[in-house]
1. Less than 14 Å Cβ to Cβ from L16, Lys/Arg counted +1 and Asp/Glu -1: what total charge do the surrounding residues give?
2. Restricting to DSSP loop positions (anything but H, G, I, E, B) with no more than 15 other Cβ atoms inside 10 Å of their own Cβ, which chymotrypsin sites (Phe, Trp or Tyr not before Pro) remain in segment 73-168?
3. Just the Cα atoms of segment 77-218, one point each, no solvent: what log10 I(q)/I(0) does Debye give at q = 0.22 Å⁻¹?
4. Take A166 and K221, extend 7 Å from each Cα along the Cα→Cβ direction, and tell me the distance between the two endpoints in nm.
5. Over the chain, what relative contact order in percent results from Cα pairs under 8 Å that are six or more residues apart?
6. Scan the chain and report its longest stretch carrying no GluC sites (Glu not before Pro) that are both in a DSSP loop and have at most 13 other Cβ atoms within 10 Å.
7. Which length gain, in nm to one decimal place, applies between A188 and L90 when the Cα-Cα distance is subtracted from 0.36 nm times their residue separation?
8. On the first, second and third principal axes, largest extent first, how far apart are the outermost C-alpha atoms of the chain in Å?
Amino acid sequence: MISEFPLFCFTTLAGLGIGAYAVNAVLPSEKEPRRTWLLPLVCLALLAVGLLCLPLHLGRPERMLIALTQPGAMIAQEAYWAAAFGVVALIDLILSKTKGTAPRALRIVGAIAALGLMCVMANAYYVSLGIAAWASWQTFPVYVLGDLAMGAALVMALRADAAENAGFMWAALVLAVAAAASFALEAAHFASVGADATLLIVGAVVAVAGGAVLLTVKYGKLSAKTGSWMAFACLFVGVALARYGFYAACVL
């Protein structure tokens, strides 16, 4: 197991939650689903599980309290942005459960916080000048597009109305292809500095498979429900493989 496994869990699980929330806020479906509270609940749960892994990276979890007092520390910045997003998502959950929906403006604020957290996650590795494979611009699309792609697929899996929306479907497909391309670009960079790019390449292939599944749903070859879950499985696995390779190639 890689030494950075807690960070892998944090960025993958929290990334899935914030990616889904951001996509749902920016690309809403034509009609609200019956259970509007389900998505913010799932996003909050994924963020919470991811955050539980974050202190484990420090060896002694209580060190997290010290890290939070250092605004310049990347782990502290991740915690700050995660807290901001968590507050917005919690308000969304409460309003959706009690009122049946939440203001679009609130969700846009949550999407901004989510995007901020994605960028901070990527920047934590971009500024690692001692690791040439990480300190490149390709790190940002790997994290941002990966989170958005698997997040879009999760939204479609949880909301049948999203899968039936042509605009949402095409956006999810574009994100899947863009994520795969970002993994391929990162793999090329890894290879140029002598790092192992195998899992990044495999992740790109699996992400493309997720996009192919979306096409079969688009053209009626698979039901929206079955195809959405299959696409989500492919994109989640593709992102996880690429992200594990990102860590494994650099930290033993």
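The values are calculated or read from the model by the stated rules, or taken from the named source; none is laboratory data. This one's a predicted model, so the numbers in the text were calculated from it and none came from an experiment. Glycine also receives a Cβ, built like all others from the backbone with ideal geometry; neighbour counts cover every protein chain displayed. Surface accessibility is based on the protein's heavy atoms, side chains included, excluding ligands, DNA and RNA. Shrake-Rupley method; radii C 1.70, N 1.55, O 1.52, S 1.80 Å.
1. So the surrounding residues net to 0.
2. Those satisfying the criteria are W137.
3. -1.27
4. 2.0 nm
5. It rounds to 23 percent for the chain.
6. 63-252
7. 31.3 nm
8. Extents along the principal axes, in whole Å: 48, 39, 26.
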